[in-house]
Structures are given as C-alpha cells and as structure tokens.
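Read-outs: derived from the displayed coordinates by stated rules, not from any lab. The structure presented is a predicted model; accordingly, all values stated were derived computationally and were not measured. A quick note on method: Cβ atoms are made from the backbone with ideal geometry, for glycine too, and the neighbour counts reach across all protein chains shown.
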Amino acid sequence: MTDLNNYSDIVGSSTINDLHKIAGKLKSKRILNVNSTAVGGGVAEILTGMIPMLQQLGIDAKWDVIKGDEKFFNITKKMHNALHGTATELTKDDFEYFKEINQQNAKNMELDSDIFFIHDPQPIGLINEKKIKKGSWAWRCHIDFTSPQKDVIEFLNSYIEKYDCTVFSAPAFSRKLSVLQVLISPSIDPLADKNKELDDETIKKIVEGFGLDMKRHIVTQISRFDYLKDPVGVVEVYKKVKKYIDCQLVLAGGGATDDPEGMKVLAEVRDKAGNDPDIHILFLDPGSNIEINALQRASTVVLQKSLKEGFGLTVAEALWKAKPVIAGAVGGIPLQIKHQYSGILSYSIDGTAYYLKQLLNEPEYAKELGINGREHIRENFLITRHIRDYMLMFLYLLYRKDVVYF
Ligand code: UDP
C-alpha cells in the first residue's frame with residue numbers, strides 16, 4: 001500500500017494535510033462499498049486503490065461484491081447496454097430475476113455500516129434493506145446516462161429514489177430526481193502499478209515480449225472487449241491509416257466477471273483483424289497492471305474510440321503518461337480532453353483516422369497535447385481529489401442536519 005505522504009510530491013503537501021483534516025471527522029466511521037466484480041473494469045480499478053487509502057486515513061472502509069449467476073449477469077449486461085442507449089429487450093422475467101438475486105444477496109451479505117455506498121445498477125436493489133439496516137445510502141452511477149432506455153431507467157428509478165444521495169460522473173448524466181445528486185468524477189492513482197513511472201528497460205522487455213517493435217509507431221487501445229468501446233472500429237481506423245503510415249496496432253483487454261459479452265466481441269475483433277501481423281490482440285490476465293502501464297508508455301498514440309463512456313479511466317491513464325490521446329467525444333471523455341489542447345475528440349472512424357495520421361506525422365504537436373493532458377489530469381482527476389470529494393459527501397450523509405450543501 002502506498003503511503004499517503006508519497007503523493008505530496010505530485011499534488012502538494014497541503015492537499016494531503018486537507019485529507020487528514022477532513023478524515024479526522026470521519027474517524028472509525030464504517031463505509032461499506034458494494035459492486036458486482038472484484039476485477040475488470042473501472043469500478044473495481046477505483047475501489048482497489050480507494051479502500052486502502054481511506055483505511056490509511058482512519059476510516060473503516062470495506063468493499064464487498066454481490067454474487068450472481070450467468071443468467072443474472074446476462075440480464076445486467078443487457079441493462080447496461082440499454083442504459084447506454086443501445087435498444088435492448090428486457091422481459092418481465094428479466095426484471096423479476098434481477099429483483100430475486102438482489103434479495104438473495106441482501107439476505108446473505110453482512111450489511112452493517114454507517115454508510116452504504118452502492119456502485120452501479122447490479123446491486124442497486126440492496127436499498128430495500130435500508131429500513132432494517134438503517135444508515136445512510138448513496139448510489140454511485142458510473143454509467144453514461146445521456147440516453148437511457150425508458151423501461152430500464154423507470155425500473156431503476158424506483159430504487160434510486162429510495163437512496164439518500166446519488167453520485168454521477170459528469171453533469172450531462174444528472175437526472176430529474178427527488179434525491180440529492182452529487183457530481184464527482186472518477187480518478188486514477190498515479191502511484192499504482194498501472195500508472196507509476198517505469199524505466200525504459202522494463203517497458204522494452206514487456207512490450208517486446210508481446211512481439212511489438214519499439215522502433216516503429218505503436219497505436220494502442222486498452223479496453224474490455226465490449227461493443228461500446230468499438231474495438232472493431234479501431235481496427236478499421238488502423239487499416240485506413242496503415243495505407244499511408246507504417247504503424248502497429250495493439251488492442252489489449254481482459255474480461256470482467258460481470259461482463260459475459262467479452263468473448264463474442266473478441267472473436268469479432270479477431271475476425272476483422274484477419275492475419276495482419278501488425279495487429280496485436282492481447283487478452284490480458286486480471287492484474288496485468290504493469291503490462292498495461294508499459295503498453296501505454298510505449299505507445300506513440302493512444303486511442304479510446306468509445307461510443308458511450310461513463311468516464312474512461314483509460315483516457316486519464318494515458319494522459320497521465322503524457323501520451324497524445326484520440327477519444328470518442330462521449331460521456332465523461334470531454335471532461336478529460338479539451339479538443340486540440342489536451343487531446344483530440346473524435347466522432348467517427350474517418351475522423352479518428354484523420355487525426356491519427358496527423359498525430360503520427362506531427363510528433364511535436366502530439367507531444368504538446370500529451371503534456372497538456374498530463375497537467376489536466378494532475379489538476380482534476382487524481383485519487384487525492386476523488387477521496388476528498390467522497391469524504392465531503394460522507395460528512396454530508398452523516399451529519400445532514402448540520403451540514404449545508406457543498
Ligand atoms: N483494464 C485492465 N485490464 C484490461 C482492460 C482494462 O486493468 O484488460 C483497466 C483499465 O486500465 C482501466 C479500467 O480497467 O483502469 C477500465 O476503466 P474504464 O473506465 O476505461 O472502462 P470500463 O471498463 O469501466 O467501462
């Protein structure tokens with residue numbers, strides 16, 4: 001676990017002192033986080049860094065994961081797609097099964113806390129325990145909520161409205177709700193294995209181990225194999241660019257236990273890639289943090305061609321490494337990228353290909369975007385800011401009568 005004081009060099013010691021001061025008011029308070037997977041995806045990534053840091057600050061933070069079978073996670077993936085605006089049919093039976101699994105989890109879990117911090121739709125039904133378990137309940141939505149499907153959002157609303165507070169990642173996701181909505185964007189941990197500095201030797205060893213040539217351009221997208229990350233679109237972008245400029249493409253990602261679609265998408269990407277030896281499709285094991293770090297650092301340009309995105313931690317990770325990033329102008333990504341200043345926002349395959357050619361041809365401009373991007377992440381999207389926001393929200397939840405809105 002990284003000592004909090006080690007972050008002073010990056011964010012300044014006054015930021016760390018502030019964290020201790022706020023945490024002093026939360027000493028020994030119990031905060032139980034619940035989500036649906038321990039590995040894979042942004043939520044698990046954030047909780048992995050966040051829980052030890054809250055504990056270091058003297059807060060009794062815990063993290064538990066709900067259990068579900070294949071049927072449940074197929075349903076929640078359908079909900080996830082529908083909430084992201086992809087027309088998806090959910091049956092009455094699907095909704096009933098969702099309720100049933102949430103009830104089962106509520107029965108089997110040790111729900112004992114001052115604050116219950118529930119992440120994303122999968123465990124949202126635990127709120128029905130509020131009357132019995134007491135405590136304050138916050139629902140944290142990590143999803144791009146700009147155009148959710150009506151039946152699914154109505155179903156979720158019946159739960160959301162029972163929470164004391166909701167948390168969204170970007171202003172565009174806020175909704176008409178009777179409960180308090182807080183805007184807190186996610187973050188990365190600059191000292192975690194995923195983001196810490198690596199020496200050139202380590203990077204070379206890892207990247208060459210994947211069969212890549214460090215002397216030629218490397219273009220990378222790191223993501224779960226998910227339609228909404230548009231990996232097939234990334235292969236099309238690469239093919240358009242490759243006609244003019246030599247480069248290698250890396251599509252690297254693993255699965256998540258709550259995402260049953262991964263293998264199907266992976267097969268489609270492999271099919272699209274054909275037998276081009278310069279397309280490297282890497283299926284990574286969970287915990288491949290140093291490998292991802294090295295791949296990002298070895299890249300000439302990083303892509304995140306998402307079609308929908310709650311926030312896109314991979315964008316922050318690449319920007320923190322001062323890499324030029326071209327990313328879809330969706331969801332939380334425009335919070336991180338100011339177009340042509342701290343990266344490039346794109347809207348299509350042709351647009352992404354156009355900018356990729358430009359960045360490969362203009363290394364000085366690409367470098368400037370990366371440097372600006374790193375500073376933007378330092379100012380806004382590091383774990384220290386995130387923890388501060390969460391602790392202020394916890395204070396609000398615990399002392400609501402005395403605390404004014406922040
Ligand atoms: N990630 C990982 N292994 C993989 C693919 C992704 O560790 O094989 C990490 C990635 O580096 C990032 C997180 O998982 O930290 C993905 O978060 P993001 O917000 O980009 O997308 P999500 O998967 O939550 O939709």
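Annotations for the structure displayed:
- Note on the chain: with a GNM built from Cα contacts shorter than 10 Å, the maximum mean-square fluctuation among Glu317, Glu261, Glu362 falls on Glu362.
- Calculated FRET value between Ser178 and Lys215, using beta carbons and R₀ = 41 Å, to 0.05: 0.10
- Near the amide H of Ile218, within less than 5 Å, lie the amide hydrogens of Gln248, Thr300, Val301, all on another chain or at least 5 residues away, with H placed in the peptide plane.
- Å³ per residue enclosed by the Cα convex hull of segment 1-124: 129
- Cα centroid of segment 319-369 to Cα centroid of segment 141-208, whole Å: 21
- Spread of Cα-to-Cα distances over 5 Å intervals beginning at zero, given as percent, for segment 80-150: 3, 15, 20, 23, 18, 12, 7, 1
- Compactness of the chain - radius of gyration and Dmax, Cα, Å: 21.1, 64
- Rounded to 0.05, the FRET efficiency of the Tyr354 and Ser147 pair, given R0 = 25 Å and the Cβ-Cβ distance, is 0.45.
- Positive-pole candidate from His280, Gly253, Ser158, dipole of segment 156-289, charges at beta carbon: Ser158
- With N as its number of residues, segment 167-259 has a Cα radius of gyration that, divided by 2.2 N^0.38 Å, comes to 1.50.
- Net charge contributed by nearby residues that have their C-beta within less than 9 Å of Met214 (K/R +1, D/E -1): +1
- Taking Cβ atoms as reference points and 13 Å as the exclusive limit, the residues near Asn380 contribute a net charge of +2, counting Lys and Arg as +1 and Asp and Glu as -1.
- Computed label-point distance, nm, for sites Glu70 and Asp9 using a 7 Å Cα→Cβ extension: 4.9
- Extreme residue, positive dipole direction of the chain, given options Phe168, Val65, Met393 (C-beta unit charges): Met393
- Point-charge dipole on Cβ atoms (K/R +1, D/E -1) for segment 156-262, about Cα centre, debye to 20: 480
- Spherically averaged projected area of the convex hull of Cα atoms, segment 260-376: 7.7 nm².
- P(r) of segment 284-345 over all Cα-Cα pairs, binned every 5 Å from zero, in whole percent: 4, 20, 31, 22, 17, 6, 1
- Interchain or long-range residues, amide H under 5 Å from Val167's placed H: Trp139, Arg140, Cys141, Val182
- A DSSP coil position with no more than 10 other Cβ atoms inside 10 Å describes the following chymotrypsin sites (Phe, Trp or Tyr not before Pro) in segment 274-349: Tyr347.
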